[in-house]
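Report on the structure given below.
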Amino acid sequence: MLLPLFNGLEEEGIPWSTNLIEGYDDVRMASDAAQTSMLAVGIGVSPDAVTLTYKNIMPPHYVFRLHSYSCHAESLRLLGCNAARLVKGIPFSFDSQLEVVF
């Protein structure tokens, strides 16, 4: 289900790892991941949404969020690409499914 997200990260050539954390919402998980990441970028996944954020953006804010991600594989791939682009400091790609709040 998350394969498009991982593909987007790999397309941009950024290393990534995963951790299983339960009991948080996607925004909080993304924020916690960004705080502990050496690259200062975090992605949180819940059954409802996938959220991308940066260490200096505190909840409830985030960079991108995708609801109903299982129905939007291309948008999920793009979110992965944008996570890598955030690390690289290059412009994002946008699509209508990605919610932006920062």
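Some observations on this one:
- Met1 vs. criteria of a type outside the set (D, E, K, R), part of a loop (DSSP other than H, G, I, E, B), out of contact with any Gly (no Cβ under 6 Å at 6 or more places or on another chain) and over 14 Å from Val101 (Cβ atoms): yes
- Segment 1-56, residues that are touching a Pro at 6+ places or on another chain (Cβ under 7 Å) and not hydrophobic (A, V, I, L, M, F, W, C): Arg28, Ser31
- Residue list for segment 50-102, restricted to those being of a type in the set (A, V, I, L, M) and within 18 Å of Met1 (Cβ to Cβ): Val50, Leu52, Leu66, Ala73, Leu76, Leu78, Leu79, Ala83, Leu98
- Where a residue in segment 1-21 is under 14 Å from Ser75 (Cβ atoms) and exposed (fewer than 12 other Cβ atoms within 10 Å of the Cβ) and its partner, wherever it lies, is modelled with pLDDT of 90 or more and among the polar types (S, T, N, Q), with Cβ under 9 Å and at least six apart: Met1/Ser70
- Verdict on Arg28 being open to solvent by less than 60 Å² (accessible area, probe 1.4 Å), of a type outside the set (Phe, Trp, Tyr) and part of a helix (DSSP H, G or I): no
The values are calculated or read from the model by the stated rules, or taken from the named source; none is laboratory data. All values derive from a computational prediction rather than experimental measurement. All Cβ positions, even for glycine, are placed from backbone atoms using ideal geometry, and neighbour counts span all protein chains on display. Quick note on the areas: whole protein, heavy atoms, side chains included, nothing else; ligands and nucleic acids left out. Shrake-Rupley method; radii C 1.70, N 1.55, O 1.52, S 1.80 Å.
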